[in-house]
Amino acid sequence: MKQFENMEVWFVTGSQHLYGDEALKVVAEDSQKIADGLSRSDRIPMRVVYKPVVTTPEAITQVCLDANSDPNCVGLIVWMHTFSPAKMWINGLKALHKPFLHLHTQFNVEIPWSDIDMDFMNLNQSAHGGREFGHIATRLRLNRKVVVGHWQDSDVQDEVAVWMRAAAGWHDSRGARIARFADNMNEVAVTDGDKVEAQIRLGYLVRNFGVGDLVAYVDQVTDAEVDRLVAEYDDRYVVAEELQEGGSKRESLRYAAKIEIGLRAFLEDGGYKAFTTNFETLHGLKQLPGIAVQRLMADGYGFAAEGDWKTAALVRAMKVMAKGLKGGTSFMEDYTYHLKPGDMKVLGAHMLEVCESIADKKPSLEIHPLSIGGKADPVRSVFTAPSGPGVVASIVDLGNRFRMVVNEIQVVPPDEPLKKLPVARAVWVPKPNLKVAAAAWILAGGAHHSGFSQAINAQVLQDYADMADIEFVLIGSSTNLSEFKKELRWNQVYYHLSKGL
Ligand code: MN
């Protein structure tokens with residue numbers, strides 16, 4: 001069973017008629033074997049569909065147009081078994097609106113040193129056929145991924161799989177609907193931005209609602225529905241005594257369940273894939289949604305707080321890209337630091353809304369005052385993220401473009417149990433270290449909100465940024481601040497010029 005059941009990539013092999021029908025028959029057979037081999041591999045998360053070998057400009061254009069209009073096709077893997085003169089590809093590649101990966105591989109692993117003859121040479125030409133194809137893709141200024149190596153190698157298949165995950169996220173983003181309850185938090189800069197440009201570049205649509213639209217759904221929830229969900233809470237969490245049946249705050253738990261049911265129905269009815277809330281604007285809701293948001297995120301919805309629609313959409317895309325992988329993905333915020341020299345780290349959390357997919361064990365369900373927002377105490381689940389590698393990512397609007405900033409991190413255990421901290425959290429050491437990483441993040445204009453994942457790596461996000469054609473900067477183990485500052489300056493010039501008028 002593939003992780004992306006309703007998605008597929010097409011395997012397209014380029015050739016020409018110069019070699020004769022016999023050679024083309026072998027090309028087709030080999031291509032089919034590669035497509036099937038990839039498709040059957042456990043490392044590959046979606047179907048790879050073989051397409052007949054293309055040998056003319058018309059056939060190339062047609063397969064690109066077919067890919068554009070096929071709702072399940074998320075991209076093409078393109079391979080040159082032989083030499084396919086690349087002028088034939090110009091019209092097709094110009095028309096193609098789906099991502100493509102250039103697989104620079106060969107059917108055979110080894111050169112048959114003692115038997116090799118000119119027939120073999122004529123049939124196995126990807127070493128130069130791939131370069132001819134690559135030239136025209138570069139000449140056309142097309143973003144794509146190039147993967148080099150034998151198609152059966154695990155590292156090659158893993159690179160293909162990473163690209164497929166990015167393509168799945170990109171496919172999901174285009175046309176996605178994001179629901180925003182109320183506006184951006186007043187006076188906050190980074191959470192706002194150009195929604196028209198976001199739709200042009202990133203493909204999703206942000207629709208705004210008054211909180212009253214949500215309240216209308218919450219008010220319709222019946223007692224029987226609340227009974228059912230509260231029973232699930234009782235079963236699934238370590239429930240604080242005051243929230244248990246007969247406890248002094250049981251009604252608060254029931255109200256939290258009511259928010260979850262109403263919010264879920266609202267999102268389902270409108271076909272929304274992500275949403276934002278704003279604690280400043282909760283008119284008609286008694287609590288800020290906490291447990292509701294945490295559970296909806298765990299079910300695959302993107303989310304960010306304070307009207308941050310860009311991070312909500314990014315968290316959704318990251319969740320799609322992470323599908324079926326070990327480790328969770330959540331909305332996150334760099335909250336406070338441990339600045340002990342030689343042992344600096346970040347405590348990440350939010351007021352409430354951290355996704356349960358990153359919980360290390362059964363979360364506890366608790367109620368505590370919020371201290372801000374002036375509403376009733378909200379119910380939230382509390383847990384800590386497990387140790388291991390991860391990433392935090394942010395997309396910001398720089399006025400003339402979007403920039404994705406990604407930091408590779410190592411999640412670590414808290415130094416001591418966080419007995420009094422009433423929110424879910426993750427503790428991490430950013431790469432290369434907090435001092436360099438935080439300076440680089442700040443110089444890049446990265447947000448205080450991020451998408452946090454222990455499932456996907458920076459490469460998936462870079463492939464996604466390439467598909468969206470937005471700027472990507474990585475802060476990782478080899479980041480050097482002086483070089484990083486230069487990269488930002490060079491990018492300023494590149495994106496100024498490349499945008500044109
Ligand atoms: Mn926040």
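Read-outs throughout are calculated quantities, based only on the coordinates presented, and are distinct from any laboratory measurement. This one's a predicted model, so the numbers in the text were calculated from it and none came from an experiment. Methodologically, a virtual Cβ is constructed for each residue, glycine included, from the backbone with ideal geometry; neighbour enumeration extends over all protein chains shown.
Computed quantities for the displayed model
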| read-out | value |
| --- | --- |
| Least to most buried among Ser114, Ser248 (fewest other Cβ within 10 Å first) | Ser114, Ser248 |
| Computed Rg/Rh of region 217-296, alpha carbon atoms with Kirkwood Rh | 0.96 |
| DSSP-loop trypsin sites (Lys or Arg not before Pro) across region 82-158, with at most 14 other Cβ within 10 angstrom | Arg141 |
| Sorted by Cβ neighbour density within 10 Å, fewest at the top, the residues Cys64, Cys355 | Cys64, Cys355 |
| Column: log10 I(q)/I(0), Debye, Cα scatterers of region 323-433, q = 0.10, 0.21 Å⁻¹ | -0.34, -1.20 |
| Restraint check, Lys310/Lys485; Lys145/Lys435; Lys87/Lys145; Lys310/Lys345; Lys98/Lys485, Cα-Cα greater than 22 Å | Lys310/Lys485; Lys145/Lys435; Lys310/Lys345; Lys98/Lys485 |
| Length added when fully stretched, Lys326-Asp343, from 0.36 nm per residue minus Cα-Cα | 3.4 nm |
| Region 206-350: equivalent-ellipsoid semi-axes (sqrt of 5 x gyration tensor eigenvalues, Cα, Å) | 27, 21, 16 |
| Loop-resident sites, region 54-142, for GluC sites (Glu not before Pro), counting at most 10 other Cβ within 10 Å (DSSP) | Glu110 |
| Electrostatic dipole magnitude of the chain [Cβ: Lys, Arg +1; Asp, Glu -1; Cα centre; debye, to 20] | 960 debye |
| Euclidean distance between Cα centres, region 283-316 to region 345-379, Å | 12 Å |
| Dmax and Rg, reported as Rg then Dmax, of the chain (C-alpha, Å) | 25.2, 85 |
| Computed label-point distance, nm, for sites Asp415 and Glu242 using a 7 Å Cα→Cβ extension | 3.0 nm |
| Antiparallel content of DSSP bridges confined to region 372-488, in %, to 5 | 75 percent |
| Cα centre as origin, Lys/Arg/Asp/Glu Cβ charges: region 272-364 dipole, Debye | 400 debye |
| Net charge contributed by nearby residues that have their C-beta within less than 14 Å of Val26 (K/R +1, D/E -1) | -3 |
| Label-point separation in nm, His150 to Lys2, each point 7 Å along Cα→Cβ | 2.5 nm |
| Kirkwood estimate for region 102-166, i.e. one over the average of 1/r between Cα atoms, Å | 13.4 Å |
| Rounded, prolate or oblate (a/c below 1.5 giving rounded, otherwise prolate when a/b exceeds b/c) for region 22-142 by Cα gyration tensor | oblate |
| Selection from Ile111, Ala440, Thr277, by position along the positive dipole direction of the chain (Cβ) | Ala440 |
| Neighbourhood charge, 9 Å Cβ-Cβ cut-off, centred on Phe383 and excluding it, Lys, Arg +1 and Asp, Glu -1 | +1 |
| Interchain or long-range residues, amide H under 5 Å from Gly302's placed H | Ala274, Phe275, Arg316 |
| In sequence order, calculated HN-Hα J values of region 261-272 (Karplus, 6.51, -1.76, 1.60; Hz; x Gly/Pro) | 5, x, 5, 4, 5, 4, 5, 5, 4, x, x, 8 |
| Residue pairs, from the table Lys273/Lys431; Lys273/Lys323; Lys362/Lys431, whose Cα atoms sit over 21 Å apart | Lys273/Lys431; Lys362/Lys431 |
| Beta bridges by DSSP in the chain, antiparallel share as percent, to the nearest 5 | 50 percent |
| Neighbourhood charge, 14 Å Cβ-Cβ cut-off, centred on Arg201 and excluding it, Lys, Arg +1 and Asp, Glu -1 | 0 |
| Quotient of Cα Rg and 2.2 N^0.38 Å for region 9-90, N being how many residues it contains | 1.09 |
| Estimated vicinal HN-Hα couplings, Hz - region 451-462 in sequence order (Karplus 6.51, -1.76, 1.60; Gly, Pro = x) | x, 10, 9, 10, 10, 10, 10, 5, 5, 4, 5, 5 |
